[in-house]
Amino acid sequence: MKKITLVITSLAIIFFAFKASNVDMSLQRSITIDSLGACQGISYQNGRIFLYGDREVGMIREFKLINDSLVYLHKEYKLTVNGQDVISHPTGIAYNGVGPTFMGNSVKMNPEGTLWKTNIYCIDWKALLKKGTLDGPLLNTIDDDACIQGTRPEYVKYHNKWYVATADYGNHGNEVRLYDPEKLKNCKKTSEPGVLFKKFTCTPWVQNLNWIADKGLLVLIQNKIEGRQWLFTYVDLEKSIDAGKQVVVGQVDHIDRGDELEGFSFIGNDQKGIAVTSSRKNNVNYINTTW
């Protein structure tokens, strides 16, 4: 019986690896959504779709998918306090519906990309959606000084426990880091003891992250070169953490777009998704994924 179980388990692992290594993505169509500034990402939350960007201030707009079309719900949330821009360049929303919500802010301070201003903000998400600004909903500002080149938070699960994953954007020393959300929400710096749980090295130009829970895969949403072209790298999260470096199970680099891919999220299943760019036109793109 043990031998049969072992064989079945081995076959399942081989089958899963085969499926993952054959992941493919195709661009179905593109549309233009205005009033976002340069769109920086997308957050899908149980049927609700939020696009965020860096207009005159950092902001979020809410949409609903109706018959494969994104419809603006006339709900806008400004990332300001007392009218002053706080999250000016939003990079990632870590939301799982049970733990604290975090948003990233990554601003390059010099042309070389060696000096960054990077904060993670703990936010009362429900209060933000009700209030419309961060006046009150902003709970804590955290200096992500454990980062190398930027922050882009996303919830992931490792050994059945939630962590906040984030990644660097530049071209040297890039890492994916996992933070303990309970420690993160109360700390002032991510370098404080116990905040950083695990990390592994990854390839450059990671703009955002997307977690595929039922497959245990983390999608690195990347540019091929700085600020240009599309690249999606699928990594096995558990194996990557254990190895200390990204373990790639699939990669998509053939979508012929020269603009700056900023974010991506599956929307309701692991076949349909939306990719967003910082372009003024064709900034929202419908993607079909096959496994």
Name every residue in region 167-187 that is in contact with a Ser or Thr (Cβ under 8 Å, 6 or more places away or on another chain) and farther than 26 Å from Asn223 by Cβ, in order of residue number.
-> Leu184
Give me the pairs: first residue in region 170-187 and closer than 22 Å to Asn210 by Cβ, second residue open to solvent by 60 Å² or more (accessible area, probe 1.4 Å) and of a type in the set (S, T, N, Q), beta-carbon distance under 7 Å, and six or more apart or on different chains, which are they?
-> Asn174/Thr201; Glu175/Thr201
Within region 112-166, count every residue that is within 21 Å of Gln222 (Cβ to Cβ), touching a Gly at 6+ places or on another chain (Cβ under 8 Å), modelled with pLDDT of 95 or more and of a type outside the set (Ser, Thr, Tyr).
-> 5
Counted residues, region 56-68 - those being open to solvent by 50 Å² or more (accessible area, probe 1.4 Å) and without any contact (Cβ under 8 Å) to a residue 60 or more places away in the chain = 4
With respect to Lys64, determine if the residue is over 19 Å from Phe264 (Cα atoms) and at pLDDT 95 or above.
-> no
Just one of Leu134, Leu178 is crowded, with 18+ Cβ neighbours inside 10 Å, closer than 19 Å to Asp54 by Cβ and either of a type outside the set (Asp, Glu) or in contact with a Cys (Cβ under 6 Å, 6 or more places away or on another chain) (or both); which is it?
-> Leu134
Inside region 221-253, the number of residues satisfying the requirement of being aliphatic (A, V, I, L, M) and open to solvent by 10 Å² or more (accessible area, probe 1.4 Å) is 7
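Matching residues to (1) farther than 30 Å from Asp236 by Cα; (2) basic (Lys, Arg); (3) part of a strand (DSSP E or B):
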site	(1), (2), (3)
Ile49	no, no, yes
Glu56	yes, no, no
Leu65	no, no, yes
Leu73	yes, no, yes
Tyr77	yes, no, yes
Gly92	no, no, yes
Look through Gly227, Gly263, Gly250, Gly244 and report the one residue that is among the small types (Gly, Ala, Ser) and within 26 Å of Ser69 (Cα to Cα).
-> Gly263
Within region 74-104, how many residues turn out to be touching a Lys or Arg at 6+ places or on another chain (Cβ under 6 Å) and either under 18 Å from Ile274 (Cα atoms) or in contact (Cβ under 8 Å) with a residue 60 or more places away in the chain (or both)?
-> 4
Restricting attention to region 185-220, and to residues there that are more than 28 Å from Leu139 (Cβ to Cβ) and of a type in the set (S, T, N, Q), which single residue is surrounded by the most Cβ atoms within 10 Å (Cβ to Cβ)?
-> Thr203
Filtering region 254-268 down to residues that are assigned to a loop (DSSP other than H, G, I, E, B) and open to solvent by less than 70 Å² (accessible area, probe 1.4 Å), which residue is nearest to Gln28 (Cα to Cα)?
-> Ile255
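The values are calculated or read from the model by the stated rules, or taken from the named source; none is laboratory data. Small disclaimer: the values here were computed from a predicted structure and weren't measured. Because the Cβ atoms are built from the backbone with ideal geometry, glycine has one as well, and the counts that use them run over all protein chains shown. Ligands, DNA and RNA are excluded from the accessible area calculation, which covers all protein heavy atoms including side chains. Shrake-Rupley method; radii C 1.70, N 1.55, O 1.52, S 1.80 Å.
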